[in-house]
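Presented below is the structure to which this report refers.
The values are calculated or read from the model by the stated rules, or taken from the named source; none is laboratory data. The structure presented is a predicted model; accordingly, all values stated were derived computationally and were not measured. Note: ideal-geometry Cβ built from the backbone for every residue, glycine included; neighbour counts use all protein chains shown.
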């Protein structure tokens, strides 16, 4: 993904506010590198949509951009990554670090009535389609898969749900870390695992792109909603955060944007403030205070 950098020219199609800031700032205040690095720390199946968003930012700012797969949060701490699509739980944890290496840019709004035009998502609890289970409580003593322990949708929201039930991490008979939501879905679909909590966006994309899975898994509960996973700016790019936020929040207003967004079931993005993630903070604090873990 490469976009040619214009020599200080105002981005074509940029909003009046963005254009005014661009002219006032000039190139002297731009990040002194040849490109902006975006990273996705989220499901690979959503990558095409993140690629589209990063590309649109590059087009609007007339600056080259590159999308990489995030490997470590240290990439945000040390400035190796400029902007990142990140799970809400790592975002909350990063904001609690003394240096606060990231700040919010925007959050996505997903297609579908259940999202009500808000930047939220759910964790859908799935079981094999031929299972007799119809409620979360019936998973007691059963096998469970999570994508990773630092996942909000796969772990934290589940532990918080167990806390509200008066249970703890021993509720399940066995917990397996699958490494990804996609792998968890397939473990359940193949009958190797009894249940899992899946990011509702990822589940919908997988069922759309792999129709055979529709007959092999069944949703028995939905946990949430939770504030959706943010696009964040690294500290080195704080000066570009507002411009990038305006570009991203403007996506979806043009017909030409819709196919790119639809690949990830996004209807658009909204600019968002840090207190929006207090729901995740509260869950994290409650679960930590209770000492719950798998």
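The table that follows gives values for the structure above.
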read-out: Inter-residue pairs, beta-carbon under 6 Å, first closer than 14 Å to residue 168 by Cβ and in segment 134-148, second part of a helix (DSSP H, G or I), 6+ apart; value: 140/171
read-out: Hey, residue 248 part of a helix (DSSP H, G or I), over 15 Å from the mean Cα position of the chain (by Cα) and in the same structural domain as residue 60 (by TED's automatic domain parsing) or not; value: no
read-out: Output for segment 84-125, where each listed residue is farther than 19 Å from residue 253 by Cα, out of contact with any strand residue (DSSP E or B) (no Cβ under 7 Å at 6 or more places or on another chain) and part of a loop (DSSP other than H, G, I, E, B); value: 87, 96, 97, 98, 99, 100
read-out: Subset of segment 51-78 that is in contact (Cβ under 8 Å) with a residue 24 or more places away in the chain, over 15 Å from the mean Cα position of the chain (by Cα) and assigned to a loop (DSSP other than H, G, I, E, B) - its residue that is surrounded by the fewest Cβ atoms within 10 Å (Cβ to Cβ); value: 64
read-out: Hey, residue 187 touching a residue at least 24 places away in the same chain (Cβ under 8 Å) and either under 19 Å from the mean Cα position of the chain (by Cα) or over 13 Å from residue 45 (Cα atoms) (or both) or not; value: yes
read-out: Selection status of residue 202, surrounded by 22 or more Cβ atoms within 10 Å (Cβ to Cβ), in contact (Cβ under 8 Å) with a residue 24 or more places away in the chain and farther than 22 Å from residue 50 by Cβ; value: no
read-out: Residue check, residue 150 surrounded by fewer than 20 Cβ atoms within 10 Å (Cβ to Cβ) and assigned to a loop (DSSP other than H, G, I, E, B); value: yes
read-out: Residue within segment 272-285 that is surrounded by fewer than 18 Cβ atoms within 10 Å (Cβ to Cβ) and over 19 Å from the mean Cα position of the chain (by Cα) present; value: yes
read-out: Criterion (modelled with pLDDT of 95 or more, assigned by TED's automatic domain parsing to the domain that holds residue 261, crowded, with 16+ Cβ neighbours inside 10 Å and in contact with a strand residue (DSSP E or B) (Cβ under 6 Å, 6 or more places away or on another chain)) met by exactly one of 197, 233; value: 233
read-out: Selection status of residue 163, assigned to a helix (DSSP H, G or I), in contact (Cβ under 8 Å) with a residue 12 or more places away in the chain, farther than 20 Å from residue 131 by Cα and assigned by TED's automatic domain parsing to the domain that holds residue 215; value: yes
read-out: Residue 81, sole failed condition from (1) surrounded by 23 or more Cβ atoms within 10 Å (Cβ to Cβ); (2) outside any loop (DSSP other than H, G, I, E, B); value: (2)
read-out: Tally of residues being over 14 Å from residue 88 (Cβ atoms) and assigned to a loop (DSSP other than H, G, I, E, B) across segment 256-294; value: 8
read-out: Residue count, segment 247-259 (criterion: surrounded by fewer than 18 Cβ atoms within 10 Å (Cβ to Cβ) and touching a residue at least 60 places away in the same chain (Cβ under 8 Å)); value: 1
read-out: Residue check, residue 175 touching a residue at least 60 places away in the same chain (Cβ under 8 Å), part of a strand (DSSP E or B) and in contact with a helix residue (DSSP H, G or I) (Cβ under 9 Å, 6 or more places away or on another chain); value: yes
